[in-house]
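The values are calculated or read from the model by the stated rules, or taken from the named source; none is laboratory data. What you see is a predicted model, and the numbers here were worked out from it, not measured in a lab. Cβ coordinates were reconstructed from backbone atoms using ideal geometry, including for glycine residues, and neighbour counts include every protein chain displayed.
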């Protein structure tokens, strides 16, 4: 498997070349009542070709880094903040206590954590919280005898299950229903069943992989990774050793850290906070927790610097992945591709129309991995198209949810996903080896739900 930089460079080059062959086109943009901007499905027109030139291609990566700057710097700040907290010793003591508590039944931690993460994602729609979950649970997973892949799976599989089903998710379900002019939160029953199916399969798959690791670390997909061996030395310890205890300053620092996380949850749920606001909060959190724990200002700065270095590659990958979409947008072919997507789906046999919508959305997510971005671009076309091909608008929304959500954790153009892997030190190709069978199962489940929705003319 080539290095991820090579893979993304090739995709960027292909996108740039494609702008010389795909006709340029554009839709008019209209502002929705909620202030978001979507396309006008009836306004597509071809425009004068403006293919990407050599200078634009040269600037693709820098422009990608600028466009994805919020995710890039969020990744840096998360890495720095958790390294500062690690230097306080709070994480090591907490992991020691949890390891002793779950000794002999460590695998039970996985379904509990995954259920919590999935419920949060299906209610508030923040898959990006995986970036917060992974650094927190990674030391615990390794201390319990699992590996970094398990930590990543617990976070990504759980949040994707919840986000995709979107029982009350404002980012995909709410926005999609608003654009398609379908009653808000209708169809909750079928989405709840979908949520249970995706999560149950995800938990079983993750537990099946993790359960064999404590007895044989050679079965880990990361067994030959030197960085993984270093993590095992850092976090594994014998439970026969004397238990670690919190000092008074560490206890106070731990309480302060929990209060900061409570503020984050409040901000996300009630104030509409996202990565920018959370980044600012985490900077302050790292400084305050470090000072309370007794770290000197210089030690806090060194902690941030070390954390920044640890996630450098992941942060760069986020920006490089964005370069693919930058090429298509600058060449003015993105709208042409969206228009072609609608034409393609309209050509499917009626019995496969709903499945065709799902597959089309699945593929398009490669270039627009943002859930809200994909809704604003594709749903204004898919919603009225569904009226013409015998698919309910509710079903077209489900197709978008499934196509967007399931592929968010396999396409390397998904910024938060690649950043999450980087935080855990898991390479993309090894994650694909782990996730691909589950992805196939999820796609089969999705196709089954799409067929059911179409055959019953599901409206919710």
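List of remarks:
- Cβ-Cβ under 9 Å pairs, at least 6 apart or on other chains, segment 249-264 side closer than 15 Å to residue 283 by Cβ, far side outside any helix (DSSP H, G or I) and at pLDDT below 90: 264/273
- When segment 21-61 is filtered for residues that are touching a residue at least 40 places away in the same chain (Cβ under 8 Å), closer than 26 Å to residue 318 by Cα and exposed (fewer than 13 other Cβ atoms within 10 Å of the Cβ), only 37 remains.
- Of all residues making up segment 87-114, the number that are surrounded by fewer than 16 Cβ atoms within 10 Å (Cβ to Cβ) and at pLDDT 90 or above: 2
- For residue 205: the one exception among (1) closer than 15 Å to residue 144 by Cα; (2) crowded, with 18+ Cβ neighbours inside 10 Å; (3) at pLDDT 90 or above: (1)
- Tally of residues being outside any helix (DSSP H, G or I) and closer than 22 Å to residue 59 by Cβ across segment 332-380: 7
- Residue count for segment 208-232, restricted to those that are surrounded by 12 or more Cβ atoms within 10 Å (Cβ to Cβ), outside any loop (DSSP other than H, G, I, E, B) and modelled with pLDDT of 95 or more: 2.
- For segment 431-460, the set of residues classified as crowded, with 18+ Cβ neighbours inside 10 Å and in a helix (DSSP H, G or I) consists of 431, 434, 435, 438, 442, 446, 449, 450, 453, 454, listed by residue number.
- Look at (1) surrounded by fewer than 22 Cβ atoms within 10 Å (Cβ to Cβ); (2) at pLDDT 90 or above and you find that residue 81 fails only one, number (1).
- Those residues of segment 144-176 which are part of a helix (DSSP H, G or I) and surrounded by fewer than 24 Cβ atoms within 10 Å (Cβ to Cβ), in sequence order: 170, 171, 174
- Filter result for residue 391 (in a helix (DSSP H, G or I) and out of contact with any strand residue (DSSP E or B) (no Cβ under 6 Å at 6 or more places or on another chain)): no
- A residue that is touching a residue at least 12 places away in the same chain (Cβ under 8 Å) and over 21 Å from residue 456 (Cα atoms) occurs somewhere in segment 381-401.
- The listed residue being without any contact (Cβ under 8 Å) to a residue 24 or more places away in the chain and either closer than 30 Å to residue 54 by Cα or not in a helix (DSSP H, G or I) (or both), out of 329, 277: 329
- Qualifying positions in segment 196-213 - over 21 Å from the mean Cα position of the chain (by Cα) and free of Cβ contacts under 8 Å to residues at least 24 places away in the same chain: 208, 212
- For segment 170-195, filtering for residues that are free of Cβ contacts under 8 Å to residues at least 60 places away in the same chain and either in contact with a helix residue (DSSP H, G or I) (Cβ under 7 Å, 6 or more places away or on another chain) or over 17 Å from residue 127 (Cα atoms) (or both) leaves 4.
- Of the helices (runs of 4 or more DSSP H) lying entirely inside segment 21-131, those containing at least 2 residues that are more than 25 Å from residue 401 (Cα to Cα) and under 24 Å from the mean Cα position of the chain (by Cα) span 60-67, 69-88, 109-124.
- Pick from segment 1-20, criterion loosely packed, with under 13 Cβ neighbours inside 10 Å and in a loop (DSSP other than H, G, I, E, B), ranking: modelled with the lowest pLDDT: 1
- Conditions (1) within 26 Å of the chain's Cα centre (by Cα); (2) in contact (Cβ under 8 Å) with a residue 12 or more places away in the chain: number failed by residue 271: (2)
- Residues in segment 300-338 that are at pLDDT below 90 and over 29 Å from residue 73 (Cβ atoms): 338 only.
- Every test in (1) surrounded by 24 or more Cβ atoms within 10 Å (Cβ to Cβ); (2) under 22 Å from residue 446 (Cα atoms) is passed by residue 362 save one, and that test is (1).
- Residue 303 meets all of the listed conditions (1) in contact with a helix residue (DSSP H, G or I) (Cβ under 7 Å, 6 or more places away or on another chain); (2) not in a helix (DSSP H, G or I) but one, namely (2).
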